[in-house]
Amino acid sequence: MNLTPANLTPADSTAAGSAATRTMRAAAKTLGAGTSGVVVPGAISITHLVEKVAEYLSPSDLKKVKEAYRFSDEKHLGQMRRSGEPYISHPIAVAEICADWKLDAQAIMAALLHDVMEDQDVKKEELIERFGAPVASLVDGLSKLEKIEFQSQIEAQAENFRKMLLAMASDVRVILIKLADRLHNMRTLDVMAPDKKRRIASETMEVYVPIAHRLGLNNIYRELQDLSFSHLYPLRYRTLAKAVKAARGNRREVVKKILESVKNTLAMAEIEAEVYGREKTLYGIYCKMRNKHLSFSQVLDVYGFRVVVDSFLHCYVALGTLHSLYKPMPGKFKDYIAIRKLNGYQSLHTTLIGPYGTPVEFQIRTQEMHRTAESGVAAHWLYKNGESNLSDLQQRTHAWLQSLLDIQQQTGDSAEFLEHVKVDLFPDSVYVFTPKSKIIALPRGATAIDFAYSIHTGIGDHTVSVAINNEAALLRTELRNGDIVEIVTDPSSRPSPTWLSFVRTGKARSAIRHYLRTISAAESVSLGQQLLAQALNALGLKAELAPHLVERLLKESSAKSLDDLYSEIGIGKRMAALVARHIFGLVGGDSASMPVDRNVAAELDPVIICGSEGVSVQLAPCCLPIPGDEIVGQLRRDQGLLVHTGECSIAKRQRIKEPDRWIAVEWDTELNRRFDSRIKLLASNEKGILARVAAEIGASDANIIYVGMDEDKEHLLTQLRFTVQVKDRVHLAGLLRNVRRVTGVNRILRERA
């Protein structure tokens, strides 16, 4: 994902000396200084920007803005956009968007200067000297890292986003200016080549649209969505636009009738309100058609209505009035005033059956709620230092931005950081409660583990069990709106790599991976050393590496030390076989430093599994292998070694997809722990059967850690499921024989994947 401004095409620097350019520059400067002058055709004017910012900035701040314009104009002299316009038109347009939000002078100045570091090689020190450290920091946060060499384009793009998001964490104005920059680039994207348009539109939809939504900037959120849609799927966009235009005429009478009825009803109830229709965005219509497999004619809520009242109380009075006018649809009422959305949005949503049986959605809110709904964190912007001076919405946004810093501290690289952040940028949320009735907002699909980490990293790390609505539940249980969640912790408990397969939030994922990297470092190093030794042995190489080979290997692999390389192999981030082949290539004919036995077909020694390796080696939860089972090892990325039974159906499918990630493993001869195993039995649905089976399992010297059974009480037979802890396969076989003799048990077997 490239952060390059969409339409930037640097012109030859010699163009700076042309008479036409000098004339345009002189005219622009004249207007920038606020003096009268003759406007040269084609010259760039900041008159409109000056008029906007003069409405709320002081004369001294206005003077600084003009100075920033003159500096930017000087630096971009001769630079043209792809459309043929002088490049300075772009910073002016970005600054005007920021002025619409009434951002402060520093932000307007940064908007005018946002490309001078990146495109014109202006140093941060020069900006500090001319405009002050705050403006220079904003511009720096918006600039890309062109001068640093990266291993790949993907890594460079991820690092650019990481820098921008971390700058945003310390000053939210960075992302506001960046969104204004992206909005103007998207508005002028038509002149770009089709493949570049699609790439930029895809990047916008993937990253900038959800950020705008997360900050509550709904106007920009909707416009960026539709602009991205128009460039990603131009034919679909044009077809839908044509259909909506036709429907607009067909439904004009219905909309008019509803508007008149609602206004008259609210007036009779003595409620002062602004009522107006609103049209669903083209992308919103497209998503509904695609997700619900509908034709355009089946999308009935293309139009909705917004009711803006003067007070909080009148929101609910208006709701009752509308419900008396039209019948509400069951299950279609949402109160985002009592429980506001994560981005600060507040409104009442209700869907009513309007004339002719058409569903019609109404949004009811106050003027203040409406301003926040449209402009989010930028509404009534007044930047001040100190959290105590921020509005409630800005404080909550500040808390989210600070969480980015927490994720950064726990994250290994830029690509992973961006992955975690993108996970948190989903618009839908669920709202759950702590036992003390505190509301916690989480992304839809979040689990109990996500909830624990949202409270505190220490609680997440030591979680052992959870109760949801006072009933025991699995840690992977997805939370629903209104759930009351209670976490049980144990100081000796530690995160499990299997949690990574179901956690939803970036904070939880980064915290778990951080633990696996640090606490399990010694285990990972040991496992990685063993795996690399095996891979080298298979190639006829000795495991001891000569110092000069170690130096070359670390340099070419970008690892900081040999232990870091071993650790990355141990957690599955690098393939031992590939590292071994790289070493084989480094050795070449240098047999003196590292003897190569090419005539002996060395067999790989299997990795020994004792069951107490910790987080670097895990027993697969799908098949739960126990000593005595034939086993195979799967080396997973960032999650260490996962041990499956040889007959596991999941392992067989994954082995076909990634055959290089499987290694030989075998059980140790001395084992000093017990292993989980699942059993399933069919028994008569009679009184006392569960107690008899449980007693027999206990008599067989096995521990029960889970019990489940069919909820249908009408059947003669019921299915019972147990997870038990046994020593090995022989112990399990004896347990199965003993339980099979219990009266009422018809069938019993070990449950496998």
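The values are calculated or read from the model by the stated rules, or taken from the named source; none is laboratory data. These numbers were taken from a predicted model, which means no experiment stands behind them. Cβ placement follows ideal geometry from the backbone for every residue including glycine, while neighbour counts extend to all protein chains displayed. When the accessible area is computed, the model is the full protein with side chains, heavy atoms only, and any ligands, DNA or RNA have been set aside. Shrake-Rupley method; radii C 1.70, N 1.55, O 1.52, S 1.80 Å.
Across the range 539-592, the qualifying residues are those that are open to solvent by less than 80 Å² (accessible area, probe 1.4 Å), part of a loop (DSSP other than H, G, I, E, B) and within 25 Å of Thr518 (Cβ to Cβ), and the one among them that is modelled with the highest pLDDT is Ser561. A count restricted to the range 195-208 and to residues that are under 14 Å from the mean Cα position of the chain (by Cα) and farther than 14 Å from His184 by Cα stands at 4. With respect to the stated conditions, Ile705 fails to be under 30 Å from Asn537 (Cα atoms), within 37 Å of the chain's Cα centre (by Cα) and in contact (Cβ under 8 Å) with a residue 24 or more places away in the chain. Across the range 287-322, the qualifying residues are those that are polar (S, T, N, Q) and in contact (Cβ under 8 Å) with a residue 24 or more places away in the chain, and the one among them that is surrounded by the most Cβ atoms within 10 Å (Cβ to Cβ) is Thr321.
Outside any helix (DSSP H, G or I), more than 30 Å from Ile439 (Cα to Cα), of a type outside the set (Ser, Thr, Tyr) and within 38 Å of the chain's Cα centre (by Cα), is that true of Glu274? Don't jump to the end; show me each part of the working.
Values: outside any helix (DSSP H, G or I): yes; more than 30 Å from Ile439 (Cα to Cα): yes; of a type outside the set (Ser, Thr, Tyr): yes; within 38 Å of the chain's Cα centre (by Cα): yes.
Spelling it out, Glu274 is indeed outside any helix (DSSP H, G or I), more than 30 Å from Ile439 (Cα to Cα), of a type outside the set (Ser, Thr, Tyr) and within 38 Å of the chain's Cα centre (by Cα).
For the range 194-231, enumerate the residues that are among the hydroxyl-bearing types (Ser, Thr, Tyr) and in contact with a Ser or Thr (Cβ under 6 Å, 6 or more places away or on another chain).
Selection gives Thr204, Ser228.
Restricting attention to helices (runs of 4 or more DSSP H) lying wholly within the range 1-114, give those where 1 or more residues are open to solvent by less than 30 Å² (accessible area, probe 1.4 Å) and modelled with pLDDT under 50.
Values: elements: 19-32, 47-54, 59-75, 89-100, 105-113.
Ranges flagged: 19-32.
Counting the residues of the range 296-343 that are part of a strand (DSSP E or B) and over 22 Å from Thr281 (Cα atoms) gives 4. Taking the range 344-375 as the range and being within 29 Å of the chain's Cα centre (by Cα), within 20 Å of Lys280 (Cα to Cα) and not in a strand (DSSP E or B) as the test, the residues that pass are Tyr345, Gln346, Ser347, Met369, His370, Arg371, Thr372, Ala373, Glu374, Ser375. Annotation: of all residues in the range 267-284 being of a type in the set (Ser, Thr, Tyr) and within 24 Å of Arg236 (Cβ to Cβ), the one that is modelled with the highest pLDDT is Tyr283.
Applying the condition of being free of Cβ contacts under 8 Å to residues at least 24 places away in the same chain and either farther than 18 Å from His462 by Cα or charged (D, E, K, R) (or both) to the range 502-538 and asking which residue is surrounded by the most Cβ atoms within 10 Å (Cβ to Cβ) yields Ala533. If the condition is being basic (Lys, Arg) and closer than 30 Å to Phe451 by Cβ, then the range 503-562 contributes Arg504, Lys507, Arg509, Arg513, Arg517. Scanning the range 428-455 for residues that are surrounded by 15 or more Cβ atoms within 10 Å (Cβ to Cβ) and either acidic (Asp, Glu) or out of contact with any strand residue (DSSP E or B) (no Cβ under 9 Å at 6 or more places or on another chain) (or both) yields a single hit, Asp450. Here Tyr326 meets the list (1) more than 28 Å from the chain's Cα centre (by Cα); (2) open to solvent by 60 Å² or more (accessible area, probe 1.4 Å) almost entirely, failing just condition (2).
Going residue by residue through the range 612-627, is there one that turns out to be modelled with pLDDT of 65 or more, touching a strand residue (DSSP E or B) at 6+ places or on another chain (Cβ under 6 Å), within 19 Å of Ala533 (Cα to Cα) and open to solvent by less than 40 Å² (accessible area, probe 1.4 Å)? Spell out the reasoning first.
Within the range 612-627, the first condition is being modelled with pLDDT of 65 or more, and the residues that meet it are 617-627.
Checking which are touching a strand residue (DSSP E or B) at 6+ places or on another chain (Cβ under 6 Å) leaves us with 617-620, 623-627.
Then keep just the ones that are within 19 Å of Ala533 (Cα to Cα); that gives 617.
Of the ones still in play, those that are also open to solvent by less than 40 Å² (accessible area, probe 1.4 Å) are 617.
There is at least one residue in the range 612-627 that is modelled with pLDDT of 65 or more, touching a strand residue (DSSP E or B) at 6+ places or on another chain (Cβ under 6 Å), within 19 Å of Ala533 (Cα to Cα) and open to solvent by less than 40 Å² (accessible area, probe 1.4 Å).
Residues in the range 335-344 that are closer than 13 Å to Gln363 by Cα and in contact with a Ser or Thr (Cβ under 8 Å, 6 or more places away or on another chain) were compared, and the one that is surrounded by the most Cβ atoms within 10 Å (Cβ to Cβ) is Ile337.
Could you identify the single residue in Val596, Val600 that is touching a helix residue (DSSP H, G or I) at 6+ places or on another chain (Cβ under 9 Å) and either among the hydrophobic types (A, V, I, L, M, F, W, C) or modelled with pLDDT under 65 (or both)? I'd like the intermediate steps shown before the answer.
Working: Val600 fails: touching a helix residue (DSSP H, G or I) at 6+ places or on another chain (Cβ under 9 Å).
That would be Val596, the only listed residue that is touching a helix residue (DSSP H, G or I) at 6+ places or on another chain (Cβ under 9 Å) and either among the hydrophobic types (A, V, I, L, M, F, W, C) or modelled with pLDDT under 65 (or both).
Condition check for His398 on (1) at pLDDT below 75; (2) open to solvent by less than 20 Å² (accessible area, probe 1.4 Å); (3) of a type outside the set (Ser, Thr, Tyr): one failure, at (2). Where helices (runs of 4 or more DSSP H) fall entirely within the range 132-249, those with at least 3 residues that are among the charged types (D, E, K, R), modelled with pLDDT of 85 or more and open to solvent by 20 Å² or more (accessible area, probe 1.4 Å) are at 194-203, 218-232. Residue pairs whose Cβ atoms lie under 6 Å apart, separated by 6 or more positions or on different chains, with the first residue in the range 465-490 and free of Cβ contacts under 8 Å to residues at least 40 places away in the same chain and the second among the small types (Gly, Ala, Ser) and outside any loop (DSSP other than H, G, I, E, B), are Val466/Ala448; Val466/Ala473; Leu475/Ala448; Thr477/Ala448; Ile487/Ala452; Val488/Ser465. For the range 456-497, the tally of residues that are charged (D, E, K, R), surrounded by 13 or more Cβ atoms within 10 Å (Cβ to Cβ) and out of contact with any strand residue (DSSP E or B) (no Cβ under 7 Å at 6 or more places or on another chain) stands at 2.
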